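Beneath this line is the structure, given in structure tokens, with notes to follow.
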Amino acid sequence: MTDQTFDIIVYGATSFVGQIMTRYMHEQFGDGSIKWAIAGRSQSKLKQLSADIGLSGIEMLVADASDETALQAMCARTKVVVSTVGPYALYGDTLVKVCAASGTHYCDLTGEPQWIRRMQARHEDAARASGAWIVHCCGFDSIPSDLGVHFLQQQATKKFGQTCNRINMRVAKIKGGASGGTIASMINMVKEASGDAGLRQELKDPYSLCPPGHGFTARQPEVTMAYDEAYKSWIAPFIMAAINARVVHRSNALSHNSYGAGFLYEEAMVAGEGASGKRAARAISWGMTGAMIGLALPPTRWLLENLVLPKPGEGPSEKQQLEGEYDLVFLGTTPRGDKIRCRVTGDRDPGYGSTAKMLAQAAACLAKDLPGSTPGGFWTPATLMGDKLIARLEAHAGLSFELVEA
Ligand SMILES: NC(=O)c1ccc[n+]([C@@H]2O[C@H](COP(=O)([O-])OP(=O)(O)OC[C@H]3O[C@@H](n4cnc5c(N)ncnc54)[C@H](OP(=O)(O)O)[C@@H]3O)[C@@H](O)[C@H]2O)c1
């Protein structure tokens, strides 16, 4: 490809998160440091977005997610496509196929493990052959977890000369809301799983995103409501843990087991101390179980989908995005028993305000920071972008990564 016009095309610029990201791209790269364009299925919505933000000189491309020819034409014009067109399991297949075949680098916001696995199985050979870097999970799931573990392991190696073979991540603070697009992705996954016993089995495998022949057999810890002695708090299951842990294990596999062949990882919500902490942990656990049962049963799913939960295109208000924040604490233990703590924080609500910035910086990192000799294939944020992405997120996206001194 020699006639590429753009560094980045934002595909799905008119989605809820795509609009936030497009504003951020304009603030960050309006100086022309990155050549970018917006794309989506609707010319009129793209025009409206462009007028609302006051974009000038930013080209608009129209392509439906099912139109392979249009997606090929779009990919031929750019180094990187960043997509927010989801649920990805419904709309994402053709774009990944085209990127893998054409050598166009790609990143997205999916948190749908069943879809990622399908894409890896179908397109990894093509991506390797073409040189395309395909990186899923470049939002709140799973950049803070994947890069938080990467960062902690670097600190442990410096301090103790070895990596940790167990890391527990604790969600100390989280303030934000869910969008219709995210809810639609969760509902679609539950629908797929309810009719497919093989998929239900796959969703129980913590190593489902690791490459074939990974050889990991360690039984991973399962978080239930419990008292965490190390953190001195009641804890409860965290809704993003399933996808985050899978991405972290893939990073371990792709980095030649640099975290150890028996590496253990889990994530949990911090619910507080004493009787009130216990009550809060119970409420979170029951709430999550109730929501899963509600989504699995067709009549309650219909009620939740149509009467309770946000619809595609809806999400947290600007005020909620601005007032949102998160604080994640990583507690590591080495095989010798040395302990280490790191913290990852972010401003804005995790799922949208912060996610939009993380995704834009991941796309910029793919476009600008990596040696062209890096092999193509399905990477993770930590294994492909690692420290370069951490530097961008700290400098431009409101995240911090720090060692917590004991
Ligand atoms: N990982 C994370 O942390 C994270 C955070 C937030 C969101 N997400 C994921 O990101 C995705 C977007 O979320 P959202 O809330 O922004 O969703 P949304 O507002 O519902 O947007 C979905 C987008 O898909 C587009 N679309 C649908 N069908 C299409 C087709 N056939 N061709 C082209 N475009 C099509 C829509 O186009 P129109 O605009 O023309 O309707 C819209 O732009 C979801 O999958 C969600 O789960 C992940």
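The values are calculated or read from the model by the stated rules, or taken from the named source; none is laboratory data. A quick note: this is a predicted structure, and the numbers were derived from the prediction, not measured. Glycine gets a Cβ as well: all are built from the backbone with ideal geometry, and neighbour counts include every protein chain shown. Just the protein is used for accessible areas: all its heavy atoms, side chains included, with ligands, DNA and RNA removed. Shrake-Rupley method; radii C 1.70, N 1.55, O 1.52, S 1.80 Å.
For first residues located in segment 63-77 and on the phi > 0 side of the Ramachandran plot, partners that are at pLDDT below 95 and lie 6+ apart or on another chain with Cβ distances below 9 Å do not occur. Considering segment 141-190, the residues that are of a type in the set (S, T, N, Q) and farther than 24 Å from R392 by Cα include one that is modelled with the lowest pLDDT, namely S179.
Being touching a strand residue (DSSP E or B) at 6+ places or on another chain (Cβ under 9 Å), at pLDDT below 95, under 19 Å from A356 (Cβ atoms) and within 10 Å of the ligand (Cβ to nearest atom) is a property that holds for G86. Considering only segment 326-343, I want to know if a residue exists there that is part of a strand (DSSP E or B) and within 16 Å of the ligand (Cβ to nearest atom). Yes, segment 326-343 has at least one match. Residues of segment 23-60 that are touching a helix residue (DSSP H, G or I) at 6+ places or on another chain (Cβ under 7 Å), within 11 Å of the ligand (Cβ to nearest atom) and either among the charged types (D, E, K, R) or under 13 Å from S83 (Cα atoms) (or both): I38, A39, G40. Among the residues of segment 178-219, those identified as open to solvent by 40 Å² or more (accessible area, probe 1.4 Å) and assigned to a helix (DSSP H, G or I) are T182, M186, M189, K191, E192, S194, A197, G198, R200, Q201, E202.
Every condition in (1) closer than 20 Å to E124 by Cα; (2) touching an Asp or Glu at 6+ places or on another chain (Cβ under 8 Å); (3) outside any helix (DSSP H, G or I) holds for T374 except the one numbered (2). Can you tell me which residue within segment 94-114, out of those that are within 11 Å of the ligand (Cβ to nearest atom) and in a helix (DSSP H, G or I), is surrounded by the fewest Cβ atoms within 10 Å (Cβ to Cβ)? Among those residues, the one meeting the criterion is T94.
When R117, R122, R166 are checked against the criterion of being closer than 17 Å to L254 by Cβ, open to solvent by 40 Å² or more (accessible area, probe 1.4 Å) and out of contact with any Phe, Trp or Tyr (no Cβ under 6 Å at 6 or more places or on another chain), a single residue qualifies: R117. Across segment 14-26, a minimum of one residue is classified as open to solvent by 20 Å² or more (accessible area, probe 1.4 Å) and among the charged types (D, E, K, R).
Looking across A367, A382, one residue alone is closer than 19 Å to A395 by Cα, buried (at least 24 other Cβ atoms within 10 Å of the Cβ) and in contact with an Asp or Glu (Cβ under 8 Å, 6 or more places away or on another chain). It is A382. A single entry from K319, K388 fulfils the requirement of being farther than 28 Å from I134 by Cβ, open to solvent by 70 Å² or more (accessible area, probe 1.4 Å) and more than 13 Å from the ligand (Cβ to nearest atom): K319.
What about K175, is it out of contact with any Lys or Arg (no Cβ under 6 Å at 6 or more places or on another chain), surrounded by fewer than 18 Cβ atoms within 10 Å (Cβ to Cβ) and closer than 23 Å to E325 by Cβ? For K175, the condition - out of contact with any Lys or Arg (no Cβ under 6 Å at 6 or more places or on another chain), surrounded by fewer than 18 Cβ atoms within 10 Å (Cβ to Cβ) and closer than 23 Å to E325 by Cβ - is met. For segment 141-168, a residue qualifies if it is within 19 Å of A268 (Cβ to Cβ) and out of contact with any Leu (no Cβ under 9 Å at 6 or more places or on another chain), and the qualifying residues are S142, D146, V149.
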